[in-house]
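Beneath this line is the structure, given in structure tokens, with notes to follow.
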Amino acid sequence: AQSVAQPEDQVNVAEGNPLTVKCTYSVSGNPYLFWYVQYPNRGLQFLLKYITGDNLVKGSYGFEAEFNKSQTSFHLKKPSALVSDSALYFCAVRDTGGGNKLTFGTGTQLKVEL
Amino acid sequence: DSGVTQTPKHLITATGQRVTLRCSPRSGDLSVYWYQQSLDQGLQFLIQYYNGEERAKGNILERFSAQQFPDLHSELNLSSLELGDSALYFCASSVAARDRNSPLHFGNGTRLTVT
């Protein structure tokens, strides 16, 4: 079964500094990977996806993610963090079976401080 | 705004009771997914429907059931509620059942509190 792991429960970064939120995956076959963000009392918002092609994927709000097949990783990055980026971030992998569901990681709380 | 509508936003009920959560997918989306988010379990997939048919099942308890109606809205029924059922329940939708390229679009959830 496919799965993703987010090794950090929380990441703290100063505003203006680059940020990285880590994700590793385990799938059989080609991975379909996604990043979502959740603000308090809101649903999950889609940020970006990797299906195939370039290893650097650009998404919403200045976020990007780097796909690394040899390290089975799909880390979320942003060159310059904003306080408003503070939220809960989820990595997810698409089902390769009969359905189309996403399996999510445990989430990483990002805190951007002034 | 994702276009996915969930009602009610909050629900407080007692143990042993039964509740119904409702979801209207984005216009044009045929597939609906239900997820449960709790502090100890994280985001857990419950069930998926596509155009009225059950497509995939996750860790859904026997006390829980769902359906998707001809107008494509979906309902999640939770019965014999226990304290541990307190969670945020999300509905998501996508265009197709097997289009791996399309992301899921999530509603804002229904927060269920069982007392």
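Would you mind telling me the share, in percent, of accessible area of chain A contributed by carbon and sulfur at probe 1.4 angstrom? Don't jump to the answer; show the numbers that get you there.
Numbers: 2530 of 5290 Å².
Result for chain A: 48 percent of the exposed heavy-atom area is carbon or sulfur.
Test of understanding: in a Gaussian network model of chain A with alpha carbons linked when under 10 Å, which of A:Phe63, A:Phe74, A:Phe46 would top the mean-square fluctuation ranking?
Highest fluctuation of the listed residues: A:Phe46.
Search the structure for amide H atoms under 5 Å from the amide H of B:Ser86, placed 1.01 Å from N in the peptide plane, and list their residues when 5 or more places away or on another chain.
Those lying under 5 Å, H to H, from B:Ser86 are B:Val114.
Through the Karplus equation 6.51 cos²θ - 1.76 cosθ + 1.60, θ set to phi - 60°, convert the phi angles of segment B:71-78 into ³J(HN,Hα) values in whole Hz; use x for Gly and Pro.
Residue by residue, segment B:71-78 yields 7, 6, 6, 10, 10, 10, 9, 10 Hz.
Could you calculate the FRET efficiency of A:Ser28 with B:Ser65 from 1/(1 + (r/R0)^6), where r is the beta carbon distance between them and R0 is 41 Å, rounded to 0.05?
Numbers: r = 31 Å, r/R0 = 0.75.
FRET efficiency, A:Ser28 to B:Ser65: 0.85.
Each residue of segment B:30-40 in order: what ³J(HN,Hα) in whole Hz does its phi give by Karplus 6.51 cos²θ - 1.76 cosθ + 1.60, θ = phi - 60°, with x for Gly and Pro?
For segment B:30-40, the Karplus curve yields 9, 10, 10, 10, 10, 10, 10, 10, 10, 5, 8 Hz.
Using amide H atoms built 1.01 Å from N in the peptide plane, name the residues 5+ places from B:Ile47, or on other chains, whose amide H lies under 5 Å from its own.
Residues meeting the criterion, in which the H sits 1.01 Å from N, are B:Trp34, B:Gly58.
For A:Lys49, go through the lysines and keep the ones whose alpha-carbon is under 28 Å away, minus same-chain ones fewer than eight residues off.
Answer for A:Lys49, where 28 Å is the Cα cut-off: A:Lys22, A:Lys58, A:Lys69, A:Lys77, A:Lys78, A:Lys101, A:Lys111, B:Lys57, listed by chain and number.
Excluding ligands, DNA and RNA, what is the accessible area buried between chains A and B, summed over both sides, using a 1.4 Å probe, to the nearest 100 Å²?
Numbers: alone 6220 and 6480 Å², together 10830 Å².
Summed over both sides, the interface buries about 1900 Å².
Could you compute the longest span of chain B free of GluC sites (Glu not before Pro) located in DSSP loops and having at most 14 other Cβ atoms within 10 Å, not counting the site residues?
Of all site-free stretches, the longest is B:1-61.
Using the Karplus curve 6.51 cos²θ - 1.76 cosθ + 1.60 with θ = phi - 60°, work out ³J(HN,Hα) for each residue of segment B:52-64 in order, rounded to whole Hz, and write x for Gly and Pro.
Once rounded to whole Hz, the list reads x, 10, 5, 10, 8, 10, x, 7, 8, 5, 5, 6, 9.
Excluding residues on the same chain fewer than 8 positions from B:Lys9, give the aspartates and glutamates whose Cα lies under 17 Å from its Cα.
Excluding near neighbours in sequence, the set is B:Asp1, B:Glu75, B:Asp85.
Would you pull out the residues with amide H under 5 Å of A:Ala81's amide H, same chain only if 5 or more places away, H placed 1.01 Å from N?
A:Gly16, A:Asn17, A:Leu19
Under 10 Å, Cα contacts only: if you run a Gaussian network model on chain A, which one of A:Asp54, A:Asp95, A:Asp85 comes out with the highest mean-square fluctuation?
A:Asp54
The values are calculated or read from the model by the stated rules, or taken from the named source; none is laboratory data. It should be emphasised that the depicted structure is a prediction, and the values quoted were computed from it without experimental measurement. All Cβ positions, glycine included, derive from the backbone under ideal geometry; neighbour counts span all protein chains shown. Heads up: the accessible areas ignore ligands, DNA and RNA and are worked out on the full protein's heavy atoms, side chains in. Shrake-Rupley method; radii C 1.70, N 1.55, O 1.52, S 1.80 Å.
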